[in-house]
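No lab work stands behind these numbers, since they all come straight from the coordinates. All values derive from a computational prediction rather than experimental measurement. Every residue, glycine as well, gets a Cβ built from its backbone with ideal geometry; the counts of neighbours run over all protein chains shown.
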């Protein structure tokens, strides 16, 4: 059975492509406020997880690594210091991150910790192949 279009398009203007019956899909974010000073909101979009992390001033979040999760993130608002360490080679990296300045790809087995060093709330946007904080997170103290 064919799916009804979400928005009616008059017959003379009907698109000819296969995606004509698709208009919008809305994804709802689920909040995780289980850690003091931060809220992690996540939605699964296709095969990618998109997360928004808000961090209060002075708060450190992370101090963990993943074995299977690839993460890309950037700062949308605020100023943070991000610390990274490969848990096997012990190579470390310290990055100051601000909006529009840089984005980071964190591979498996790289520990991460992020501190809001600004005076206001910091907001970070994450993309990952697995849900953050889903059981593939292992404690690793960096900061």
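Can you tell me how much longer the chain between residue 22 and residue 102 gets when fully stretched, taken as 0.36 nm per residue apart minus their C-alpha distance, in nm with one decimal?
25.4 nm is the gain from fully extending residue 22 to residue 102.
Expected output is a single nm value to one decimal: the length gained when fully extending between residue 94 and residue 36, i.e. 0.36 nm times separation in residues minus the C-alpha distance. What is it?
18.5 nm
Please check: in the Gaussian network model of the chain (C-alpha springs, under 10 Å), which one of 66, 51, 34 has the largest mean-square fluctuation.
Looking only at 66, 51, 34, the largest GNM fluctuation is found for 34.
By count of other Cβ within 10 Å, fewest leading, how are 88, 96, 121 ordered?
88, 96, 121
Could you let me know the centre-to-centre spacing of segment 69-114 and segment 116-143, using Cα atoms, in angstrom?
9
Based on the alpha-carbon gyration tensor of segment 29-139 and its eigenvalue square roots a ≥ b ≥ c, which shape applies: rounded if a/c is under 1.5, prolate if not and a/b is larger than b/c, or oblate?
Here segment 29-139 falls in the rounded category.
Mind telling me which of 87, 26, 59 comes out most flexible in a GNM of the chain, alpha-carbon contacts under 10 Å?
26
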